[in-house]
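The values are calculated or read from the model by the stated rules, or taken from the named source; none is laboratory data. Computed from a prediction, not measured in an experiment: that's the story for all the values here. Here the Cβ positions follow ideal geometry from the backbone for every residue, glycine too, while neighbour counts run over all protein chains shown.
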């Protein structure tokens, strides 16, 4: 744990469709994603895309005026890959090192497998994070490639059971 940040169980976890997010919640999710993917990683790309409207959004909300401290986006099989997909996985800088990123992935995988049983799960991992995703049973499923100037590796997790 770092500083005064609570552990991963201290959040209001929600998995909802795009249409179930309030405009304020959506803006806050986009702000978190942009703070990390665009500003922190110095990568100019269009983070908000048409897939957001097709996705289920998992977020760990904190506080009376909720702020997402971590989030992920889940897509049905056939939208981004043959399998279900998990993407846009992000943890706020101040919550890193608390286990929140690991809890976000655990919940995202469980939700994908419950929502789309036997589909398997795909993700496009930043290559530097391969060991993190391997710890959840993902294996590289193709060659590395550049996406928005960052090395990525396609990874797949076979269906549970």
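Observations on the structure shown:
- Annotation note: of 98, 104, the sole residue that is over 22 Å from residue 48 (Cα atoms), within 17 Å of the chain's Cα centre (by Cα), outside any strand (DSSP E or B) and touching a residue at least 40 places away in the same chain (Cβ under 8 Å) is 98.
- Residue selected from region 1-41 under the condition over 22 Å from residue 125 (Cβ atoms) and at pLDDT below 75, by the criterion surrounded by the fewest Cβ atoms within 10 Å (Cβ to Cβ): 4
- If you go through region 129-146 and keep only what is touching a strand residue (DSSP E or B) at 6+ places or on another chain (Cβ under 7 Å), touching a residue at least 12 places away in the same chain (Cβ under 8 Å) and either more than 18 Å from residue 84 (Cβ to Cβ) or not in a loop (DSSP other than H, G, I, E, B) (or both), you end up with 130, 133, 139, 140, 144.
- For the residues 129, 100, the requirement of being closer than 22 Å to residue 57 by Cα and buried (at least 18 other Cβ atoms within 10 Å of the Cβ) singles out 100.
- Residue in region 92-101 that is closer than 26 Å to residue 159 by Cα and touching a strand residue (DSSP E or B) at 6+ places or on another chain (Cβ under 8 Å) present: yes
- When each of 119, 44 is tested for being in a loop (DSSP other than H, G, I, E, B), buried (at least 17 other Cβ atoms within 10 Å of the Cβ) and either touching a residue at least 40 places away in the same chain (Cβ under 8 Å) or touching a helix residue (DSSP H, G or I) at 6+ places or on another chain (Cβ under 7 Å) (or both), the lone residue that passes is 119.
- Evaluation of residue 143 against the conditions (1) surrounded by fewer than 16 Cβ atoms within 10 Å (Cβ to Cβ); (2) under 16 Å from residue 36 (Cα atoms) shows that the sole unmet condition is (2).
- The condition of being touching a helix residue (DSSP H, G or I) at 6+ places or on another chain (Cβ under 6 Å), modelled with pLDDT of 90 or more and surrounded by 19 or more Cβ atoms within 10 Å (Cβ to Cβ) holds for only one of 79, 90, that being 90.
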